[in-house]
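K.L.:
Can you read through this structure? Questions will come right after.
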Amino acid sequence: MEKLSPKVRQAEFHRLKLTKKRQLTKNTFSLEFEIPEVLKSNYRFEAGQYVTIKYPAKGKVFQNDFSMTSAPYEEKISLGIKINSEESSTQELFENYEIGDELEISEPKGRFTLISKPHEFRTIIGFASGIGITPLISHFKQLLHTEPRTRLFLFYGNRKSEEIAFKDELDDLAKKYGDRLQIFYFFSQEKTSDNLFYGRLDEKKLKLIINQILHLDDTDEESTIWDAVDEVLICGKGEMIKSLANACYNNGIPKKNIHFELFEEFNDDIYPVEKEFPLVEEISVDFKLFGKNYSTKLENNKTKLLQQLLIQRFPLPYSCKSGICGSCECILEEGEVELLENEYLTEKEEKSGKILACMSFVLSKKIKVNFDLT
């Protein structure tokens, strides 16, 4: 899964050897990299994380993020990558590198992760669209390998059957772990014999899935499979995530158990903003970025901090603008903000003064923040 790279966050890169390269569909391919023994500790990762590849294309150097499909126990870096168009830099990434070549790969990062619970009976469901399947493959492989009591359900949407990335690998997993894993494919532009599997994954489709697939529970005759769901993983475009996350929440899944990963910029809130804030006008903002100090004024606090500073064309770090990626993480050194629910910061980090600018409404006449995190 390719994601928009944060604008400033620095990462440690190492040269890794390309060991496998495979075209998956007309516009997707996979790359696999060897982790040398001397770098094993640098490339320990959790399922659901991603790496950045630094590569030349079209006369300049790109840094793009790609989710790993490999599971931690496999001790390798495997990626799924989409070519959005012939003009995409990933087209050159696919054409210009062969097995044996080396590329600059960052150390793993990201928080689209789960706490491992190998001794518990859990039910985990995943929703993915297109190349958004990549981090879910990593999660599902790791869960099947390390949690023998966990059962998994995957709902994977594409436009057409010929566009299913990693179908062979997914079908192999379903065959090997048939007693614990079920996979269902959905198509938005291809008719199916059962109308349940025709159309996009959204709120309406979730209701059908709950009623027709996640209904009777063989392990508990008095409840449904949906009642037993412990965690939900969602990866795809912003509108899909918003629709499914809210549908899961409205059908009883706590927000803390709904995890999502975005692979393109999304300017909307995933969940509705339910709070009302007192109006504050003529706000003074001081912030530090790349060792430089900036000062500006905000007309009011009707819009979140990051969005207002971007309108003023400050070169702030951002990617999703939805509280998912953490690119706009900063420290609140002075003043007061209302930090909305987000998928990134831990309770401990929030108590230490860290905020996400994209999810913060200013509540004081003056604030001071530090994007250098020092």
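The values are calculated or read from the model by the stated rules, or taken from the named source; none is laboratory data. Note that the coordinates shown come from a computational prediction; the quantities given were computed from them, not determined experimentally. Cβ sites come from the backbone with ideal geometry, for glycine too, and all protein chains shown count toward neighbours. Quick note on the areas: whole protein, heavy atoms, side chains included, nothing else; ligands and nucleic acids left out. Shrake-Rupley method; radii C 1.70, N 1.55, O 1.52, S 1.80 Å.
K.L.:
At a probe radius of 1.4 Å, what is the per-residue accessible area of residue 240, in Å² to the nearest 10?
P.N.:
Its heavy atoms expose roughly 20 Å² to the probe.
K.L.:
List the trypsin sites (Lys or Arg not before Pro) in region 209-280 that DSSP assigns to loop (not H, G, I, E or B) and whose Cβ has at most 16 other Cβ atoms within 10 Å. Which are they? Numbers along the way, then the final one.
P.N.:
On the way: sites: 237, 242, 255, 256, 275; in loops: 237, 275.
Within region 209-280, the qualifying trypsin sites (Lys or Arg not before Pro) (loop, at most 16 other Cβ atoms within 10 Å) are 237, 275.
K.L.:
Rounded, prolate or oblate, given the Cα gyration tensor of region 281-370, with a/c below 1.5 counting as rounded?
P.N.:
Rounded, since a/c falls under 1.5.
K.L.:
Would region 122-262 count as rounded, prolate or oblate if I go by the C-alpha gyration tensor, calling it rounded below 1.5 in a/c and otherwise prolate when a/b exceeds b/c, oblate otherwise?
P.N.:
rounded
K.L.:
Another one. Identify, among 232, 270, 174, the residue whose Cα sits farthest towards the positive end of the charge dipole of the chain, taking +1 on the Cβ of Lys and Arg and -1 on the Cβ of Asp and Glu, with the dipole about the Cα centre.
P.N.:
270
K.L.:
Tally up the carbon and sulfur contribution to the accessible surface of region 1-159 as a whole percent, 1.4 Å probe, everything protein left in place.
P.N.:
Details: 3180 of 6910 Å².
Of all accessible area on region 1-159, carbon and sulfur atoms account for 46 percent.
K.L.:
Residues of region 281-370: accessible area per residue at 1.4 Å, in Å²? Present the calculation step by step, with values, prior to reporting the outcome.
P.N.:
Details: 4230 Å² over 90 residues.
With all protein chains present, region 281-370 gives 47 Å² per residue.
K.L.:
Take the Cα radius of gyration of region 1-107 and divide it by 2.2 N^0.38 Å, with N its residue count; two decimals is plenty.
P.N.:
Rg over 2.2 N^0.38 Å, computed on Cα atoms: 1.00.
K.L.:
Something else: Can you give the accessible area of residue 139 in Å² (nearest 10), computed on protein heavy atoms with a 1.4 Å probe?
P.N.:
10 Å²
K.L.:
Roughly speaking, what is the centre-to-centre gap between region 59-94 and region 196-239 when only Cα atoms are used, to the nearest Å?
P.N.:
30 Å
K.L.:
With each label point set 7 Å from Cα along the Cα-Cβ vector, what nm distance links residue 120 and residue 373?
P.N.:
Distance between label points: 2.7 nm.
K.L.:
Here's another thing I want to ask about it. Remind me, relative contact order of region 13-106 in percent, using alpha carbon pairs under 8 angstrom and six or more residues apart?
P.N.:
Details: 174 pairs, mean separation 36.0, N = 94.
The value is 38 percent.
K.L.:
With only Lys, Arg, Asp and Glu charged, each at its Cβ (+1 for the first two, -1 for the last two), find how big the charge dipole of the chain is about the Cα centre; round to the nearest 20 debye. Don't skip to the end; give the middle numbers.
P.N.:
Working: 52 positive and 62 negative charges, 151 e Å.
In debye, rounded to 20, the chain gives about 720.
K.L.:
Can you pick out the pairs among 255/292; 304/354; 191/321 whose Cα atoms lie more than 27 Å from each other?
P.N.:
Violating the 27 Å limit, Cα to Cα: 255/292; 191/321.
K.L.:
Okay, moving on. Through the Karplus equation 6.51 cos²θ - 1.76 cosθ + 1.60, θ set to phi - 60°, convert the phi angles of region 214-225 into ³J(HN,Hα) values in whole Hz; use x for Gly and Pro.
P.N.:
9, 9, 5, 10, 5, 8, 7, 5, 9, 9, 9, 4
K.L.:
I've got another one for you. Would you list the membrane-span-like helices of the chain, meaning whole DSSP H runs whose alpha-carbon atoms span at least 27 Å along their axis and whose mean Kyte-Doolittle value is at least -1.0?
P.N.:
none
K.L.:
Give the ranking of 26, 176, 109, 141 by solvent-accessible surface, highest area first, calculated with a 1.4 Å probe. Mind showing how you got there, number by number?
P.N.:
Values: 26 190, 176 145, 109 55, 141 15 Å².
The ranking, largest first, comes out as 26, 176, 109, 141.
K.L.:
Along the charge dipole of the chain, pointing to its positive end and built from +1/-1 on Cβ of Lys, Arg, Asp and Glu, which listed residue (359, 128, 260) has its Cα farthest out?
P.N.:
Value computed over the given set: 359.
K.L.:
Let me ask something else. Counting only protein chains, not ligands or nucleic acids, how are 239, 329, 107 ordered by accessible area (probe 1.4 Å), most first? Show your work: numbers first, answer last.
P.N.:
Details: 239 115, 329 15, 107 50 Å².
Ranked list, largest accessible area first: 239, 107, 329.
K.L.:
Between residue 57 and residue 352, what is the label-to-label distance in nm when each label sits 7 Å out along the Cα-to-Cβ direction?
P.N.:
Taking the simple label geometry, residue 57 and residue 352 are separated by 3.4 nm.
K.L.:
Grab the alpha carbons of region 158-213, take their convex hull, and tell me the volume per residue in Å³. The partial results should precede the final answer.
P.N.:
On the way: hull volume 5.2 nm³, N = 56.
Given the Cα convex hull of region 158-213, per-residue volume reads 92 Å³.
K.L.:
Would you kindly state how much longer the chain becomes between residue 227 and residue 13 on full extension, computed as 0.36 nm times their sequence separation minus their alpha carbon distance, in nm to one decimal? Provide the component values of the computation, followed by the final result.
P.N.:
Numbers: separation 214, 0.36 × 214 = 77.04 nm, distance 4.37 nm.
Working it through step by step, the gained length comes to 72.7 nm.
K.L.:
Right, another one. Just to be sure I understand the model, the point goes 7 Å from the Cα along the line to the Cβ. What's the resulting residue 218 to residue 183 distance in nm?
P.N.:
Taking the two extended label points, one gets 2.0 nm.
K.L.:
In addition: So, with +1 on the Cβ of K and R and -1 on the Cβ of D and E, and no other charges, what is the size of the charge dipole of region 13-106 about its Cα centre, to the nearest 20 debye? The partial results should precede the final answer.
P.N.:
On the way: 13 positive and 15 negative charges, 16 e Å.
Its charge dipole is roughly 80 debye.
K.L.:
If you don't mind, another one. Which percentage, to the nearest 5, of the DSSP beta bridges contained in the chain is antiparallel? Kindly include the intermediate steps, with their values, before the conclusion.
P.N.:
Details: 50 of 80 bridges.
Close to 60 percent.
K.L.:
Go through 22, 122 and list them by solvent-accessible area, largest first, probe radius 1.4 Å.
P.N.:
Working: 22 110, 122 10 Å².
So the residues, ranked largest to smallest area, are 22, 122.
K.L.:
Got a number for the accessible area of residue 229? Probe 1.4 Å, square angstrom, nearest 10.
P.N.:
Roughly 20 Å² of residue 229 is accessible to a 1.4 Å probe.
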